[in-house]
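Data first, discussion second: the structure below is written as structure tokens.
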Amino acid sequence: MVNNMTDLNCGVIHCSSNREGCCCRPEIKVTGHDACECNETCCSSFEKIQSGASNAMDYSNTNPISHVKCEVKTCIHYKDDECQADSITVQGAGACCKKDTECETFRRK
């Protein structure tokens with residue numbers, strides 16, 4: 001395991017770990033085993049904000065640089081279950097569940 005750190009931009013505003021476009025998790029996981037396009041990937045670390053709660057309730061500090069585990073073997077950035085991209089963007093502004101998110105940095109091999 002390389003433990004590569006990645007610059008993580010997050011546009012998933014309804015995730016409990018999002019604070020001002022940064023993820024408060026020290027690590028996320030991107031899935032989409034046989035993905036051919038970005039919309040076939042997702043952030044499996046997504047947790048919807050509960051009613052009446054504020055963002056970033058489980059983690060107190062934003063992490064603009066995070067460890068990104070990855071299961072998307074069809075992506076050019078995938079290596080040994082990790083994302084090797086210097087920077088990634090996860091989107092899903094109106095996401096209500098994990099499948100509504102996607103890794104915009106995905107590029108098919």
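Laboratory data are not the source of any read-out in this text; all were calculated from the coordinates shown. Nothing here was measured: the structure is a model prediction, and the numbers come from that model. Cβ sites come from the backbone with ideal geometry, for glycine too, and all protein chains shown count toward neighbours.
A few points about this structure:
- Taking amide H atoms as placed 1.01 Å from N in the peptide plane, the amide H of His14 lies under 5 Å from those of Ala95, each 5 or more residues away in sequence or on another chain.
- Given charges at Cβ of Lys, Arg, Asp, Glu: segment 5-103 dipole, positive-most of Tyr78, Ser51, Asn9: Ser51
- Spatially close Lys pairs in segment 5-103, defined by Cα atoms under 21 Å apart and a spacing of eight or more places or different chains, total 14.
- Lys29 sits among other residues whose Cβ lies under 13 Å from its own Cβ, and their net charge, with Lys and Arg +1 and Asp and Glu -1, is -2.
- Rg ratio (alpha-carbon, reference 2.2 N^0.38 Å) - segment 5-103: 0.99
- Amide H contacts of Thr41 (H built 1.01 Å from N, in plane; Pro and chain starts excluded): Cys103 sit under 5 Å, all sequence-distant by 5 or more or on other chains.
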